[in-house]
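The values are calculated or read from the model by the stated rules, or taken from the named source; none is laboratory data. It should be emphasised that the depicted structure is a prediction, and the values quoted were computed from it without experimental measurement. Neighbour counts are summed over all protein chains in view; Cβ atoms, including those assigned to glycine, are modelled from backbone coordinates with ideal geometry.
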Amino acid sequence: MFKGLDKITFCIKTFERPFFLQRLIDSIRTFYSSAKILVADDSLRPLPFKGVHKYLSLPFDIGLSEGRNILAQETDTEYMLILEDDFVFLPQTKIEIFFNIIENSDLNIIGGEARRYPNWKKRNPKAAAILEKKDEGLYFHCKVPKGKWDRYETYDYVNNFFVTRTKTMRDIPWPSHMKMLEHAYYFYIHREKLKVGFTGKVLIHHLHNHNKGRMYKAYRYHREDAHHHMIQAQEFGKLGIKYFCMLVEGKEPEIVPLVGNDLYVNLSDKLGYSLKDKRLNKLQRRNEE
C-alpha cells in the first residue's frame, strides 16, 4: 500500500461481463487489498459483487458515458482511477506513480499504458496522442508529445486507463448520448480544457477478447453496433470530421472512415493511404458492387 491510496477511488463501469468484473476486482485486491472500489453496472440483471466498497445498479444499458458520469457523482475521494472491466492488474500496475504525479502537478489526467492480450509485453504505440484536425480528418499523432510536465510528457489523448481529479470529471462530463465510441470525441472537444499527462511506467493488461457473454455481444456487436457508429459519425460530422488517421512512427498511416459518411468509395485513392479496418473494407466493397 502507499500513502495516498485513501484519496483514490477505483472506478469501474461494467456491462454484462461478470466474469471480467470479478477477475478485475480479484486482481486489484491482489496488489491493493484496501483499495476503495466503486462499480457501476447497467447489465439486465446486475449481481452485486463481494470485495467492492459500493455497487451501483443502474438502469439497463444506459451506456459507458452516463455510467462514468454517475461514478463521478458517487465518488467521495479527490481522485478517480478510471478502469475498464476487462483490465487485469499486473505487478507493473503502479497506481502510486499516478498518484505522485497528479498530487504534485496541475494535470487533470495522468494516463498509463493498456496493453492488449496476447501481446501485452509489447509497447502500445497508440496509448497517447496529439489530436489534430486536418481537412476532413482527425489525425492521431501517436506518442508525439505536445509538451512536458517535469519528466512526463503531455498529450491531448490517453487510453481508458488513467487517474483524474474527481472535480474534473464532474465539471467536464462524458457525452451521455454516446453509449460507446465516446473516447476520442471526449478528448478532442475538451482538449483545450484538459491538461493530460502520460507515463509509460504504469502498465495494465487489457484482456479484451475472451469469454464475452451472449447479451454483451448482442448489444455491443450486433443490434446496436451500427447505431453507436452512426452517433459517433454524426457528432464528428458536426465538427467537419469524416475519418480518423492514426500516425505511428515507422508504420503506414492507418485510415478509419467514420460509419455513416460517403468516404468508403475512393478514400484510399484520395488520401494515398490504405484502409486498415477489415469491417470497413467489407462495407467499402459492398458499396462498390
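Report whether or not residue 112 is surrounded by fewer than 22 Cβ atoms within 10 Å (Cβ to Cβ) and outside the structural domain of residue 253 (by TED's automatic domain parsing). No; evaluated as a whole, the condition is false for this residue.
Condition check for residue 131 on (1) under 27 Å from residue 1 (Cα atoms); (2) among the aliphatic types (A, V, I, L, M); (3) outside any helix (DSSP H, G or I): one failure, at (1).
In the list 98, 87, which residue meets the criterion of being touching a Gly at 6+ places or on another chain (Cβ under 8 Å), of a type outside the set (Ser, Thr, Tyr) and either surrounded by fewer than 17 Cβ atoms within 10 Å (Cβ to Cβ) or within 15 Å of residue 11 (Cβ to Cβ) (or both)?
Numbers: 87 fails: touching a Gly at 6+ places or on another chain (Cβ under 8 Å).
Being touching a Gly at 6+ places or on another chain (Cβ under 8 Å), of a type outside the set (Ser, Thr, Tyr) and either surrounded by fewer than 17 Cβ atoms within 10 Å (Cβ to Cβ) or within 15 Å of residue 11 (Cβ to Cβ) (or both) holds for just one of 98, 87, which is 98.
Of the residues examined, residue 71 is not one that is touching an Asp or Glu at 6+ places or on another chain (Cβ under 7 Å) and in contact (Cβ under 8 Å) with a residue 24 or more places away in the chain.
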